[in-house]
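Worksheet: one structure, shown below.
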Amino acid sequence: MRRIVALSLVLSAGALPARAQQATQALEIKYVRDSEEYAALARQVYRVATQAVTASARQVPAGRWAVILDVDETSLDNSLYQLERAAYGLAYSEPSWAVWTARRAAGLVPGAADFIAAVRRLGGHVAWVTNRAARAEDDTRANLQSAGLWNDDDRLCVIGDSTYTKAVRRAEVAAGNGRCSWSGQRLAVLAFVGDQMGDFPAAGEGDGDAGNDAAFGVRYFLLPDPMYGGWTSRVTRRDR
């Protein structure tokens with residue numbers, strides 16, 4: 001009997017880590033979908049961005065400035081896609097992502113609508129710079145519209161091909177030339193909003209704050225994204 005009990009304990013102990021892992025695998029999705037903390041963080045970022053843009057817009061004529069936002073996990077919330085994949089133990093895949101974007105079912109990131117409304121009241125342009133594929137352009141525009149974010153004056157700047165990087169598209173907004181511009185209008189970009197570091201100008205780009213960590217919270221506004229990103233493949237902690 002003792003041997004049976006001991007064996008049972010050993011087997012149970014061996015199973016615990018697997019159960020714990022299974023139970024926590026999708027906590028990052030639940031955090032985004034269900035936690036008050038995530039929603040408060042997102043609203044906080046957008047509230048600070050609104051205050052910064054409101055102050056900066058006083059120095060620039062209406063119509064002569066813009067804000068640049070990413071789409072996924074910055075403006076549109078794709079946590080339902082993540083949840084559906086996790087329910088079947090499936091990872092991200094391009095075919096499934098294409099089906100998801102065609103559904104036009106992404107919700108709103110908390111705070112995004114209020115920020116966009118403030119930008120429009122203040123007289124700013126809105127550029128959506130996303131690495132969604134060109135084939136998803138119409139669906140993305142429709143999803144932004146159904147979420148109450150889209151305006152016909154906006155620019156939706158999808159990736160197109162690998163040479164048409166976010167850096168190129170950001171430069172077009174400011175310079176006033178190219179597919180992602182208001183043709184012939186050089187604009188001051190008062191704010192960048194994103195959920196990945198690649199959503200912000202890096203060292204070497206023309207933006208005056210490019211690569212400057214001090215710009216975060218002033219012109220660069222970073223939303224939390226615990227579901228995916230470059231951090232998932234990093235193994236070295238960077239203390240700063």
What distance in nm separates the two pseudo spin-label positions at ARG64 and ASN212, each 7 Å out from Cα along the beta-carbon direction? 2.0
Scan the chain and hand back the longest stretch that contains none of the chymotrypsin sites (Phe, Trp or Tyr not before Pro) lying in DSSP loops with at most 13 other Cβ atoms within 10 Å. 93-240
Heavy-atom SASA rank of LYS30, LYS166 (probe 1.4 Å, accessible area, largest first): LYS30, LYS166
Under a plain spin-label model, where a point goes 7 Å from the Cα along Cα-to-Cβ, how far apart in nm are ALA188 and ASP138? 3.9
Segment 125-240, relative contact order [Cα under 8 Å, separation at least 6], %: 17
Measuring with a 1.4 Å probe in the full set of protein chains, what accessible area per residue, in whole Å², belongs to the chain? 56
If R0 = 25 Å, then LEU27 and SER162, at their Cβ-Cβ distance, give a FRET efficiency to the nearest 0.05 of 0.15
The chain - percent relative contact order, Cα under 8 Å, separation 6 or more: 24
With a point put 7 Å past each Cα toward its Cβ, work out how far ASP153 is from ALA175 in nm, to one decimal. 2.4
Rounded, prolate or oblate: which fits segment 183-237 when a ≥ b ≥ c are the square roots of the eigenvalues of the alpha-carbon gyration tensor, with rounded for a/c under 1.5 and prolate only if a/b beats b/c? prolate
Distance from the Cα centre of segment 209-227 to that of segment 155-173, in angstrom? 19
Output for the chain (equivalent-ellipsoid semi-axes, sqrt of 5λ from the C-alpha gyration tensor, Å, descending) is 40, 19, 17
Within segment 75-116, find all residues whose amide N lies under 12 Å from a label point positioned 7 Å from the Cα of SER146 along Cα-to-beta-carbon. 100-108
Those residues of segment 40-55 whose amide nitrogen sits under 17 Å from the label point placed on ALA117, 7 Å along Cα→Cβ: 43-51, 54
Could you check how much of the accessible area of the chain is carbon and sulfur, as a whole percent, using a 1.4 Å probe? 54
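The values are calculated or read from the model by the stated rules, or taken from the named source; none is laboratory data. Owing to the predicted nature of the structure, the values given are computational and were not obtained by experimental measurement. Positions of Cβ are backbone-derived with ideal geometry, glycine not excepted, and every protein chain shown enters the neighbour counts. Just the protein is used for accessible areas: all its heavy atoms, side chains included, with ligands, DNA and RNA removed. Shrake-Rupley method; radii C 1.70, N 1.55, O 1.52, S 1.80 Å.
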